[in-house]
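Novice: Structure provided below as structure tokens; questions to follow.
The values are calculated or read from the model by the stated rules, or taken from the named source; none is laboratory data. As the structure is a computational prediction, the values presented were derived from the model and not from experiment. Cβ atoms come from the backbone with ideal geometry, glycine included; neighbour counts cover every protein chain shown. Remember, those area values only see protein heavy atoms, side chains included, never the ligands or the DNA or RNA. Shrake-Rupley method; radii C 1.70, N 1.55, O 1.52, S 1.80 Å.
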Amino acid sequence: MFEIRVICTEPDVLEITKALSAAFTTGTVRQQRTRDGQRMRLYITADHRPDTASWTTPNKAYADAPPVFEEMASVLTLAMSLHRPGGYTPAADREYRLRKAALLDRVALSDGGPWGPEVAADAEQTAVAAAVAFAQADSLGDHKPGPTGPNSQCWALTTHRGYVRQEYARWLADQ
């Protein structure tokens, strides 16, 4: 992470901010007038943009996944087993959260598939919520995540659904 300082005219602030956001992962832009009051000083915390080409794509992550309806049944079975006496373990809970988030991601990616466009629109929001919840739970857990951990700033670019895909692909490969 590094700090960028730019001195520019006020009309250029928006254009410069957009250009820096396109080139880097940026934080909040802090603005201050120069001493003479004629120009603006911009202070921007930035980091290199992650190499998104190496991320697991949905096609790669879900290539060997079971059909969606089969996965729905498996996720439901996992959910029920977690609530039975002796059924809860941290590993089983993580598997449930992961498979549920991946299932919702797949439904959201289907653009309505067999269930209709209104379900797909809701699925998009639900997939994001499940992915964020999974990443938050993973950040508190003691497992070893894939190459990019759940707390990485880069997942904000994909609303953590990229993290779900990375972890699902790893989990599926281990089965």
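Novice: In deg cm²/dmol and to the nearest 500, what is the mean residue ellipticity at 222 nm of the chain if only DSSP H runs of at least 4 residues count, each as -39500 (n - 2.57), divided by the residue total?
Specialist: Helix contribution divided over all residues of the chain: -16500 deg cm²/dmol.
Novice: Could you go through the stretch 91-106 in sequence order and give the Karplus-derived ³J(HN,Hα) for each residue, using 6.51 cos²θ - 1.76 cosθ + 1.60 with θ = phi - 60°, rounded to whole Hz, and x for Gly and Pro?
Specialist: Computed from phi, the couplings for the stretch 91-106 are 5, 5, 5, 5, 4, 4, 4, 5, 5, 5, 5, 5, 4, 5, 4, 5 Hz.
Novice: Now, a different point. What ³J(HN,Hα) values, in whole Hz, does the Karplus curve 6.51 cos²θ - 1.76 cosθ + 1.60 give for the stretch 69-80 when θ = phi - 60°, with x put for Gly and Pro?
Specialist: 5, 5, 5, 4, 5, 5, 5, 5, 4, 4, 4, 5
Novice: Determine the dipole magnitude for the chain: charges of +1 sit on the beta-carbon of Lys and Arg, -1 on that of Asp and Glu, nothing else is charged, the reference point is the Cα centre, and the result goes in debye to the nearest 20.
Specialist: 560 debye
Novice: Quick one: Cα centre-to-centre distance for the stretch 121-162 and the stretch 74-96, in angstrom?
Specialist: A separation of 20 Å, based on Cα centres.
Novice: Using only Cα atoms, tell me the angle between helix 117-140 and the longest principal axis of the chain; keep it within 0 to 90° and round to the nearest 10.
Specialist: Tilt of helix 117-140: around 80 degrees.
Novice: Keeping all protein chains in place, calculate the accessible area per residue for the chain (probe 1.4 angstrom), answer in Å².
Specialist: 60 Å²
Novice: Heavy atoms only, 1.4 Å probe, whole protein assembly: order Met40, Met80 by accessible area, highest first. Could you put the intermediate results ahead of the total?
Specialist: Numbers: Met40 15, Met80 95 Å².
Result of the area sort, largest leading: Met80, Met40.
Novice: What's the longest bit of the chain with no exposed chymotrypsin sites (Phe, Trp or Tyr not before Pro), using DSSP loop states and at most 13 other Cβ atoms within 10 Å as the test?
Specialist: The reported range is 1-87.
Novice: Which entry in (1) 109; (2) 125; (3) 151 matches volume of the Cα convex hull per residue in Å³ derived from the coordinates of this structure?
Specialist: The listed entry that was calculated here is (3).
Novice: On a 26 Å Cα-Cα criterion, which of the cross-link pairs Lys18/Lys100; Lys60/Lys144; Lys60/Lys100 come out too long?
Specialist: Lys18/Lys100
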